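Right, one structure below, let's go through it.
Since every read-out is calculated from the coordinates, none of them should be taken as a lab result. Computed from a prediction, not measured in an experiment: that's the story for all the values here. Note that each Cβ is placed from the backbone with ideal geometry, even for glycine, and that neighbours are counted across all protein chains shown.
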Amino acid sequence: MKLKVTVASLALLMANNVLAQNLPYYSVEEIRVSAEGALYGPFPVAMSEDSSFFATYSMKASLSNNIDIGLPFTFNRDCQYDYIICELEFEGSETAGQRSYENAYKAWRNAQSNAQNGAYSSYMMGNIGDEAIQPFDDGSSSTDIKVTDVYQGDNGNFVIGYSSAPYVGGEREFVRRAFIQSLDGGGSVQLLPQSFSGDNGGFSSAYKIKNVGEKVFVIGHSSVSYPRGTNEYFLDCYFSEEDDDRYDINDLVRCPGFDTQAWVWDVTSIINNGDSVTELSGTALATSWINNSTGEKNLTFSASAFDINTTGITVGTSTFERNNNSEGGRQRAITMTPSADGVYGNPVELTAATSDIDDQDDWIYNTWALTISDTGIITGNREYEAAKGRNKATEFFVYDNVTKQVKFPLLDQKVATTKQRAENGGSYYISKSGANSRVYDANEAGLIVGEVDDFDQVDPVYQGSPRSQTAFIFDNEVNQAWLMNDLICSQDANGEVTSPLIRIQTARVITDSTETNGSYVVLANGYKYSTADDYKYKTNGVQTAIKLTRNSAVLSPNDSPNCWQSSLLKTVEEPYERQGGASFWLWLFALPLLFVRRIKR
């Protein structure tokens, strides 16, 4: 059969091609959230499969947006920055009028400790769209809530997360309890921790909800004991009556005040049958931590599950004892694999995450595995204890659980901008010892999202000031990465490129690709600016959550209009030099505070 191509059809094809070249690779939409009392955020954490609804959380206090009192790797590493920054992270600013004034981690902990002396108002708020989620709140708005994942099913939509109990007379029934809640009018179900004697209500967190065969599982962690068999660490973490102790950041090393273990709750009946239970018990995904001391244990042992695939293989992190003292815990990425009858046993350390380092105990502080695909591709992160390139870097890894091969795609490499690629022969990377790269999510197609050092961040970090971060996407199939800020510009018919006044800081969630057109959605957080000067100098930025939708008409990220041809980016200067902590006040406008801690040795 002969194919007849008319002049009209050729013209239409060419017009569509020109249109695609003018479109950005990602269309940008701001996600608006109402969270009364919040000063920071919103930060996106999850979305439905069809991207019709989103989960976010916001904060009243100036905390790292990664902080989780139940996950030691989010707060247990030494402060690597200068004295002023280290103090500010915990103390907050002493200058009235600044947003962090008396509003950092210390303020949150003191407010909890002093709840009996006055009303406690929520420091963490969870949202689905613009609706607040308050699973255990009694109307007093005195609970701290974080939404972690959502589920879209034939019988309704659900949300999971964790929340504290409300304060009643300065007391709480529990400091944290995992939950699942219907978004279609149903109540919340408490996902119970394992009970033990005198457990202060126990402690549980839910991080992911997934279909596994015909089952629907929620995974996370549960308290299983007190550290050292006593509630001393629990009191130090939450309820110390000594004011001086509340001002000591070293108490955080005892958090979450419980030994926790990776856990699973079977919510199939709740999802499929609408069972109206109010409480649900779960089971352990691991029977031990990766390193159990045979003598007296002086540290908090913690483990958690973060993702599970359709075969039941689960990934997460677990504690090992580097030193026998309260500060001697380290975390390592783990896998947990069920036996033929579905029973889980000891976790297996993912040693591949540090296989390229001979002396890992001295070089690596923590590793953790975040995602696993149905084909067995695992992604995670590691963070350094020793400095290289004057930075205690965070680096992401990709591990194939089938072939047992691991790679570190951005090991000592920065992601090049479109402009830098053009100047360096098309290379997607620039060598930089100690470059940061951190992943948050991955999809089944091998697309991985997270954050890396921004293009102009090249100075030393150790005993200096932090590098601002920018969102990136990495294609594991072709081993190429792009900065997302380079993929959001448009070009008009006259060839003029326009860039929005937005800096995308961190990409946190990515959906699977739509089979029909290869489209997918990314959720990210960043800053929007009112003027080009504010954008250039990173001042007066307003935090925002962003929905990025991949335009299927644009075949590749390389086909997106070159943002560096826009008038906005042409005014942005080349890398600038920072002198230790001296540039901190400029940096403060650009980033939410990174939570770090300083341990007295």
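Taking the Cα centre of the range 410-471 as origin and assigning +1 to Lys and Arg Cβ atoms and -1 to Asp and Glu Cβ atoms, the resulting dipole is close to 140 debye. Considering the range 440-554 at the alpha-carbon level, its Rg and Dmax are found to be 15.4, 50 Å. Taking 0.36 nm per residue of separation and subtracting the current Cα-Cα distance, fully stretching the chain between Asp412 and Asn272 would add 45.7 nm. The alpha-carbon of Lys215 sits under 12 angstrom from the alpha-carbons of these aspartates and glutamates, leaving out residues fewer than 8 places away in its chain: Asp266. Rounded to the nearest 20 debye, the dipole size of the range 360-403 about its Cα centre is 220 debye, using +1 on the Cβ of Lys and Arg and -1 on the Cβ of Asp and Glu. Evaluated with a Cβ-only charge set (Lys, Arg +1; Asp, Glu -1), the chain carries a dipole of roughly 1080 debye about its Cα centre, given to the nearest 20.
Packing-based ranking of 398-408, 307-317, 526-536 yields 307-317, 526-536, 398-408, ordered from highest to lowest mean Cβ neighbour count within 10 Å. Taken over the alpha carbons of the range 135-240 as equal point scatterers, the Debye sum produces base-10 log I(q)/I(0) values at 0.15 Å⁻¹ of -0.68.
Of the residues Val406, Gly342, Ala387, the one whose Cα sits farthest towards the positive end of the charge dipole of the range 332-411 is Ala387 (charges of +1 on Lys and Arg Cβ, -1 on Asp and Glu Cβ, taken about the Cα centre).
In the chain, taking the dipole from charged Cβ atoms about the Cα centre, the farthest positive-side position among Leu71, Asn525, Tyr167 is held by Asn525. A Cα-only calculation for the range 329-397 places Rg and Dmax at 13.9, 49 Å.
Taking the C-alpha atoms only, the angle from helix 7-22 to the longest principal axis of the chain is near 40 degrees.
Stokes-Einstein diffusion of the range 371-466 at 25 °C, 0.890 mPa s viscosity, Kirkwood radius from Cα pairs, rounded to a whole number: 171 µm²/s. Working ranking of peptides 206-218, 59-71, 350-362 by packing, defined as the average number of other Cβ atoms within 10 Å per residue, highest first, is 59-71, 206-218, 350-362. For a straight C-alpha distance cut-off of 19 angstrom, the lysines reachable from Lys210 (same-chain residues fewer than eight places away being disregarded) are Lys146. Of the residues Leu568, Leu252, the one with the fewest other Cβ atoms within 10 Å heads the list, and the complete ranking is Leu568, Leu252.
Volume per residue for the range 179-220 equals 92 cubic angstrom (convex hull of Cα atoms). For the range 267-411, the Kirkwood radius over C-alpha pairs fed into Stokes-Einstein at 25 °C and 0.890 mPa s yields D = 147 µm² per second. Here the alpha carbons of the chain define both size measures, Rg and Dmax, at 23.9, 87 Å. Comparing Cα centroids, the range 94-169 and the range 30-49 end up 13 angstrom apart. The Rg/Rh ratio of the range 101-169, with Rg taken over Cα atoms and Rh as the Kirkwood radius over Cα pairs, comes to 1.06. Note on the range 94-138: Kirkwood hydrodynamic radius from all Cα pairs is 12.7 Å, rounded to one decimal. Packing-based ranking of 156-165, 87-96 yields 156-165, 87-96, ordered from highest to lowest mean Cβ neighbour count within 10 Å.
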